[in-house]
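**Student:** Here it is, the structure, as structure tokens.
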Amino acid sequence: MQTLWTQIRDALWNVFNRPTLLDALDILIVAILLYGIIMLARQTRASAVLKGLVILIVASWVSDLLGLTAINWILLNIVNNGAVVVIILFQPEIRKALEQIGRGTLRDSSRLSDHAENEYIVREITNCLLSLSRRRVGALLVFEQKIGLKDIIETGTQLDSRISGALLENIFEPNTPLHDGAVVIRGSRIMSAGCILTLAEGMGISRELGTRHRAAIGITEATDAITLIVSEETGIISVARTGRLTRHLDRALLEQALTKMYHQREEGLWSLLFSRRRKKGDVA
């Protein structure tokens, strides 16, 4: 313990007594670079991996301060090898990030909506999905949450349009260019249409569910996104979250689901949805 306090004291002394102007400039540049990396990653699924890597780095530093040699050795090897793995896995995202840096387009296009706007969004989406359901027109809406879906957005036709029921119905109208694929919604904006999603790989998924439902479940397994689906065969409206699918949503449950997303109310909503709709075809 005495060694730990000695290391902490020496570190604090170095921080407050030794830095020169060049050291301050060096720290400032590193801080700006880290901030830029965080801003680039926060709108993609790479943000979760980045957080995990930061936690491992902090844990290795703490284990070194505490003198936990074995744990420190393991963590350092994981961090060193993990950095290479992250570069390989997220090579497309890194390339796009470098392109953005070159173009100087580091900005956040999301915006907050007020209460009236939220009410409008809930009404427009509800009426749209009910209309599609009556006409047996398939639809898949993906609602971005904390984990960004920028990489998914870029697989489709980018719109960045205000939410409108008429626009959504037109997008999913059969035999139109964008009716296949998913629509990604961020806040009050339709970001992209015709997006490509990875299908769920769960073995327990009902055989009666088609590609649209499997795609909806798949994105909720990989991220914290919430999806709404209209079946083309039956017109049934479903909601998927954290890899679980609940079917047979009526107007009341659909409005509750959208209200939960846009007003952050009724904390027990999702447990209510999944407990009330345990019917054939539900996925656990």
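**Student:** Considering the stretch 132-146 alone, what residues qualify as being farther than 12 Å from Ser231 by Cα and either of a type in the set (Ser, Thr, Tyr) or surrounded by fewer than 18 Cβ atoms within 10 Å (Cβ to Cβ) (or both)?
**Tutor:** Listed by number, the residues that qualify are Gln145, Lys146.
**Student:** Right, Gly218: under 19 Å from Leu167 (Cα atoms) and not β-branched (Val, Ile, Thr) or not? Please lay out each step first, then the result.
**Tutor:** On the way: under 19 Å from Leu167 (Cα atoms): no; not β-branched (Val, Ile, Thr): yes.
Taking the combined requirement at face value, the residue does not satisfy it.
**Student:** Going by the conditions given, is Asp23 in a helix (DSSP H, G or I), at pLDDT 80 or above, surrounded by 11 or more Cβ atoms within 10 Å (Cβ to Cβ) and acidic (Asp, Glu)?
**Tutor:** Details: in a helix (DSSP H, G or I): yes; at pLDDT 80 or above: no; surrounded by 11 or more Cβ atoms within 10 Å (Cβ to Cβ): yes; acidic (Asp, Glu): yes.
Criteria not met by Asp23.
**Student:** Looking at the stretch 110-131, is at least one residue assigned to a strand (DSSP E or B) and modelled with pLDDT of 95 or more? Don't jump to the end; show me each part of the working.
**Tutor:** Of all residues in the stretch 110-131, those assigned to a strand (DSSP E or B) come to none.
So far as the stretch 110-131 goes, no, none of its residues is assigned to a strand (DSSP E or B) and modelled with pLDDT of 95 or more.
**Student:** Here's something else I'd like to know. Out of Ile229, Ile152, I need the residue that is buried (at least 22 other Cβ atoms within 10 Å of the Cβ) and either touching a Lys or Arg at 6+ places or on another chain (Cβ under 6 Å) or at pLDDT 95 or above (or both). Which one?
**Tutor:** Values: Ile152 fails: either touching a Lys or Arg at 6+ places or on another chain (Cβ under 6 Å) or at pLDDT 95 or above (or both).
Going through Ile229, Ile152 in turn, just one is buried (at least 22 other Cβ atoms within 10 Å of the Cβ) and either touching a Lys or Arg at 6+ places or on another chain (Cβ under 6 Å) or at pLDDT 95 or above (or both): Ile229.
**Student:** Scan the stretch 233-284 residue by residue and report those that are modelled with pLDDT of 90 or more and among the aliphatic types (A, V, I, L, M).
**Tutor:** Ile236, Ile237, Val239, Ala240, Leu245, Leu249, Ala252, Leu253, Leu254, Ala257, Leu258
**Student:** Tell me which strands (runs of 3 or more DSSP E) are completely within the stretch 180-262 and hold 3 or more residues being of a type in the set (A, V, I, L, M), or say none if there are none. Full working, then the answer.
**Tutor:** Working: elements: 182-186, 189-195, 226-230, 237-241, 244-246.
Answer list for the stretch 180-262: 182-186, 189-195, 226-230, 237-241.
**Student:** Scan the stretch 184-208 residue by residue and report those that are over 14 Å from the mean Cα position of the chain (by Cα) and crowded, with 20+ Cβ neighbours inside 10 Å.
**Tutor:** Scanning the stretch 184-208 gives Ile190, Ser192, Ala193, Cys195, Ala200.
The values are calculated or read from the model by the stated rules, or taken from the named source; none is laboratory data. All of these numbers come straight from a predicted model, not from anything done at the bench. Backbone-built Cβ (ideal geometry, glycine too); neighbour counts: all protein chains shown.
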